[in-house]
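Report on the structure given below.
No value in this document is a laboratory result; all are computed from the given coordinates. The model shown is predicted, which means the values in this text are computed figures rather than measured ones. Don't worry about glycine lacking a Cβ; one is built from the backbone with ideal geometry, like all the others, and counts go over all protein chains shown.
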Amino acid sequence: MQTDFQLRDKVILVTGGGSGIGREVCLALARSGSRVVLGNRSAAAGEAVVEEITATGGEALFLRTDVSCSSDCAALVSLALERYGRLDGAFNNAGLQHAFNDLHETPADELSEVIDVNLKGMLYMMKYEAAAMLGNGGSIVNNASIFGLKGMPRTAGYIAAKHGIVGATRATALDYAQRRIRVNAICPGPIKTPSFDRVTGGDDHLYDDGVPMRRIGQPHEVSAAVLWLLSAQSSYVTGATLSVDGGMCAE
């Protein structure tokens, strides 16, 4: 999908940009002419995306980032400011999920990591992003997933973190509504990504019956929603959660 979101020369930060939805958003931003500042825990994956962008004439920077560490989050935002002097937008996408288990069978360290990466990492990123945007305004988009809006068995920690992202998005949007910083969340359903393939064993139709549109989504269908929220085309949208889920949350 080629859509002009008028993001040329905008400085946009993406966490978890090394694979899946994050990678797709980085590539879409680069095609739109944005300057991409990419953070990822895997240096090899992050650097590979930067190479892919620069090979086609785009502009991108990479810094190895563990969003559960507040100093890493601060350093990623500082990189954008040091190189470009401003931050126009951010897609806080980094997240993880461990094995599916009933809560009483879930190791405490796994619960802690899920909360630290998915929820606390997003809060840390917003803290430093908002500070960087105070002078010129900007747009922040958080990846909450449909599990920020509904429950699922055997994923209590993940569901708690994702619901927390939705709540924090709404509260932060109110904090900055009069300071030209918009904050929204996307809530993707099942999307064709490497992590989805690990769950399904590569069967793209395993969950079709659970989706009203009877198919899984493609990464570009999520990136289009993210770029719209990052752009001035959504200038009157803040505190919103946008479901990109084939109708799952409508049931």
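Numbers for the structure displayed
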item	result
Whole-number D in µm²/s for region 95-161 (Stokes-Einstein; Kirkwood sum over Cα pairs; 37 °C, 0.692 mPa s)	248 µm²/s
Scaled radius of gyration (Cα, divided by 2.2 N^0.38 Å) that region 14-110 gives	1.20
Cα-based radius of gyration of region 21-67 once divided by 2.2 N^0.38 Å, which approximates compact folds	1.01
222 nm mean residue ellipticity, helices alone, for the chain (DSSP H n ≥ 4; -39,500 (n - 2.57); rounded to 500)	-12500 deg cm²/dmol
Positive-end extreme of charge dipole, region 11-250 - chosen from G16, A130, F100 (charges on Cβ)	A130
Student exercise, region 1-149 dipole from Lys, Arg, Asp, Glu Cβ charges, in Debye to nearest 20	600 debye
Top positive-direction residue, dipole computed over the chain with Cβ charges, set V117, G239, I191	G239
Fewest-first sequence of L81, L149, L29 by Cβ atoms within 10 Å of each Cβ	L81, L149, L29
Size of charge dipole - region 159-251 - debye, nearest 20, with Cβ of Lys, Arg +1 and Asp, Glu -1, no other charges	540 debye
Residues whose placed amide H lies under 5 Å from that of I181, excluding near-sequence neighbours	G138
Net dipole in debye of the chain [+1 Lys, Arg Cβ; -1 Asp, Glu Cβ; about Cα centre; nearest 20]	840 debye
Counted charge near G167, where neighbours are those whose Cβ lies closer than 15 Å (Asp, Glu -1; Lys, Arg +1)	+3
Selection from I159, A144, T169, by position along the positive dipole direction of region 19-173 (Cβ)	T169
Estimated FRET transfer efficiency when R0 is 22 angstrom, pair Q218-S195 (beta carbons, to 0.05)	0.95
GNM top mover of C69, C187, C26 - the chain, alpha-carbon springs below 10 Å	C69
Neighbour-limited loop hits for chymotrypsin sites (Phe, Trp or Tyr not before Pro), region 72-147 (at most 14 other Cβ within 10 Å; DSSP other than H, G, I, E, B)	F100
For the chain, built as a Gaussian network whose Cα springs stay under 10 Å, the top-fluctuating residue of D116, D102, D204	D102
Residue exposure sequence - S234, S34 - by fewest surrounding Cβ within 10 Å	S234, S34
